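What follows is calculated from the coordinates using simple rules that are stated; it is not laboratory data. What you are looking at is a predicted structure, and each value in this text was computed from that prediction instead of being measured. Cβ sites come from the backbone with ideal geometry, for glycine too, and all protein chains shown count toward neighbours.
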C-alpha cells in the first residue's frame, strides 16, 4: 500500500489535494505563459444557465483560478430560464470560435434540460470537462479524450500519494455520468478490479468493505461510516455537500479516519485538484488547437 | 431468482438462447416484410478485411440469417491486406448510402488497425453493433444508441429467463470494448451492483463467488470452474472458442452445471440471440431512417 502503509496504526493519513493542485497550477501557469509568448491566449468559456448559489460560487472560484494562472475565462450567463435551443446555440458558437479552447456547461441546468442532451454540441477537442458523450465513449475505448475533471482528479490524487491500483479491489459508490461512471472507467484502465455500487445496492457495507480503494461520490453527508470501510483501506471522498452550519462536508463520516489507511479531506482533497485539472485541460487544448 | 429457482437442486437450468432467437427472428421477419411492403428494403452491410476462417464462417452465417428474415446483406470484402484508408473510405461511403441501414465492421482487422479507430466513421444511426465510440458514450449517458449486439443479447437472455437484476450482484469477467464493458453498462442501467474482473484481478474466484449473476466473456476454454461459482448463481457464458476437436466451446467448464442455478449453453446460448439482435437493430434502423 506504499506511502499509506504508515497509516495502519488506526489514524488515516490525510491524502491532501492542495499541494498537488498547487503543483498542477504552477505547471499550467508556465504552459499558459509559454502559449501567450507565441501569441496564443488560452481561453476557457463557462456557460451558466442557473441562479443556483453553489454553482455561482463555483464559477467565480474557477474563473478566479483561471485568471491567476493566465487563462482568460468568459462566463456566459444565459439566465435560469434559458431554453435548450439558446444553450445549444451558445455551445455551437463557442465550439466554432477559434479563440476559445475550453468549454464547460455548468450544472444545474433549467428544469427538464439534461447536460447529456446538450453536451454533444461541445466540440470534442474543447470538451475539457468530458461532458460530450463522444468523450465518454472515447475514454471507454482507450482513445484520447478529456475525462471529466473530477474523475481525473481522483486518479491524480491516488497517484500523487503513491496508491497502487493494478490488481487491487476498487469500489466506486455512485454511478453518475460526471463522477461515478468515468472514475470506474479510469480505475479499470489502471487494471483495478472495479465494482460500482449505488442506491439499489443491497448491503452496501458488505461491498465497500471489500475495497482496497473506496471512492465515494453520492452527495449525501455521512453516507459512508467506519463500518463501511476495511482497516487500512484508502478512501476518496468526492462529496461536496453543504452542511447545516453552511460549511462544506463530504460523503464520508469523520469516524472513517480511525479505520482507513488514507482519507482525502473535504475541503482540500478532490476539489482543488479538479479545478486545477480543468485549467490544465484548457492549456492542453490551446497547445493542440490554439 | 424467479424461473431459475427450480435449479437449486444441484443441476443448472439450461438458459437456452435458440427459442428466444427464433422469436426475435420472427418479429424481425414481420418487420422486414412490413417495410418491404412500403417500399423500404432493409439492408445490412458487413465490411470484411480478414481471411480469418472463423470470421468467414460467422459472416456467411449472419448473411444467411439476414436473407432468411428478408434483410439484404452485402458482404464487402476488402481483403486481409486492406489499409485503414480503404476501410475508412468504405465505411464513409456506406454511411452515406441511403439504401444501407446497418453497418458492421467485422473483426479481426489487419495488423495494427484497431476497430475503435475506424468505427467512428460508421454513422451512429447505422451502427447496429454499437462499435462507434459515440454509441458507447450515448449508452453510458442513457441516450438512445445501439449497444453491441452481444451485450444486448446477454441482457435479453437474462430477461427472457426471468432473472431479476435490480439490487443483485452481477460480476462480469472480461473488460473488452465489445462485450465486457458494454455488458457492465447495461447491467448497471438495470440497477445491478456491477463488478468487472479481468486478467489482473487477484483471486478471481473470491470475486466471482459473490455473483448472483456471473457473465464470462474472456475467450479462454474452461476459465470458470465450479469453484468460481456460488451455489444457485446464474452463469452466462459468452465465450466462443474452438476446442481442440474443432467444436465450439465456451469459457465455462462443464462442472459449473452442478453448482449454478442456471447456465447458458455454448453453442445455443448467447450466440444465436446476438445474431438475431443484429438483424433486429437493422430493421429498427430501416424503420427510423429508411
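Based on other C-beta atoms within 10 Å, arrange A:289, A:101 from fewest to most. The partial results should precede the final answer.
Details: A:289 13, A:101 28.
By the 10 Å Cβ count, ascending, the order reads A:289, A:101.
How many percent of DSSP beta bridges within the stretch B:130-272 run antiparallel, rounded to 5? Numbers along the way, then the final one.
Details: 2 of 18 bridges.
That works out to approximately 10 percent antiparallel.
Defining the label point at 7 Å along Cα→Cβ, can you sort the distances from residue A:51 to the same site in each other copy, shortest first, in nm?
Distances to the matching label points in the other copies: 7.1 nm.
In terms of the Cα gyration tensor, with a ≥ b ≥ c the square roots of its eigenvalues, is the stretch A:39-123 rounded because a/c is under 1.5, prolate because a/b exceeds b/c, or oblate? Write out the running numbers ahead of the final one.
On the way: a/c = 2.52, a/b = 1.29, b/c = 1.96.
In terms of gyration-tensor shape, oblate.
Regarding chain B, what whole-number volume in Å³ per residue does the convex hull of its Cα atoms give? Walk me through the numbers before you get to the answer.
On the way: hull volume 35.7 nm³, N = 290.
Given the Cα convex hull of chain B, per-residue volume reads 123 Å³.
Show log10 I(q)/I(0) for the stretch B:164-212 at q = 0.30 Å⁻¹, two decimals, from a solvent-free Debye sum over equal Cα scatterers.
So the normalised log intensities work out to -1.11.
Among DSSP beta bridges whose residues both lie in the protein assembly as shown, state the antiparallel percentage, nearest 5. Intermediate values should be presented prior to the final figure.
Working: 7 of 63 bridges.
Roughly 10 percent of the DSSP beta bridges within the protein assembly as shown come out antiparallel.
Using helices alone, I'd like the mean residue ellipticity at 222 nm for chain A: each DSSP H run of four-plus residues gives -39500 (n - 2.57), total over residue count, nearest 500.
Working: 9 runs with 107 residues, N = 290.
Calculated from helices alone, the mean residue ellipticity at 222 nm is -11500 deg cm²/dmol.
Rounded, prolate or oblate: which fits the stretch B:77-141, taking a ≥ b ≥ c as square roots of the Cα gyration tensor eigenvalues, rounded meaning a/c under 1.5, else prolate when a/b beats b/c?
oblate
Relative to the first principal axis of the alpha-carbon coordinates of chain A, what is the inclination of helix A:53-68, with its axis defined by its Cα atoms, in degrees from 0 to 90 and to the nearest 10?
Long axis of A:53-68 versus the principal axis of chain A: about 70 degrees.
Calculate the spin-label point distance for residue A:77 paired with residue B:166, positioning each point 7 Å from the Cα along the beta-carbon direction, and give it in nanometres.
Placing both labels 7 Å along Cα→Cβ, they lie 4.3 nm apart.
With all pairs of different alpha carbon atoms counted, what Kirkwood hydrodynamic radius in Å does the stretch A:149-271 show? Walk me through the intermediate numbers first.
Working: mean 1/r = 0.0717 Å⁻¹.
Value: 14.0 Å, from the Cα pair sum.
What residues from the stretch B:103-140 fall in the zone where the backbone N is under 20 Å from a label point 7 Å along the Cα-to-C-beta line of residue B:86?
B:104-122
Restricting to Cα pairs below 8 Å that are 6+ residues apart, what does the relative contact order work out to for chain A? Please round to a whole percent. Present the calculation step by step, with values, prior to reporting the outcome.
On the way: 633 pairs, mean separation 72.2, N = 290.
Across chain A, relative contact order equals 25 percent.
For the pair residue B:248 and residue A:107, how long in nm is the line joining their label points, each one 7 Å along Cα→Cβ?
Label-label distance for residue B:248 and residue A:107, simple model: 4.2 nm.
Based only on the alpha carbon positions, what is the Kirkwood hydrodynamic radius of the protein assembly as shown, in angstrom?
For the protein assembly as shown, the Kirkwood estimate is 25.3 Å.
On a 0 to 90° scale, report how tilted helix A:270-289 is relative to the longest principal axis of chain A, with both axes built from alpha carbons and the result rounded to the nearest 10.
Orientation of helix A:270-289: about 40 degrees from the principal axis.
Determine the percent antiparallel among the DSSP beta bridges restricted to chain A, to the nearest 5. It would help to have the intermediate numbers written out before the result.
On the way: 2 of 30 bridges.
So the antiparallel bridges amount to about 5 percent of the total.
Which of the three applies to the stretch B:242-290, rounded, prolate or oblate, going by the alpha-carbon gyration tensor with a ≥ b ≥ c and a/c under 1.5 meaning rounded? Don't skip to the answer; put the middle values down first.
On the way: a/c = 6.08, a/b = 2.24, b/c = 2.72.
Note, shape of the stretch B:242-290 comes out oblate.
Can you tell me the orientation of helix A:149-160 relative to chain A, as the angle in degrees between its alpha-carbon axis and the longest Cα principal axis, to the nearest 10?
50
For residue B:189 and residue A:221, what does the FRET efficiency come to when R0 = 30 Å and r is the distance between their Cβ atoms, rounded to the nearest 0.05? Display every interim value, and only then the final one.
Numbers: r = 27 Å, r/R0 = 0.91.
Plugging the Cβ-Cβ distance into 1/(1 + (r/R0)^6) gives 0.65.
Quick one: length gained pulling residue A:206 to residue A:287 fully straight, 0.36 nm per residue minus the C-alpha distance?
On the way: separation 81, 0.36 × 81 = 29.16 nm, distance 4.61 nm.
Length gained, residue A:206 through residue A:287: 24.5 nm.
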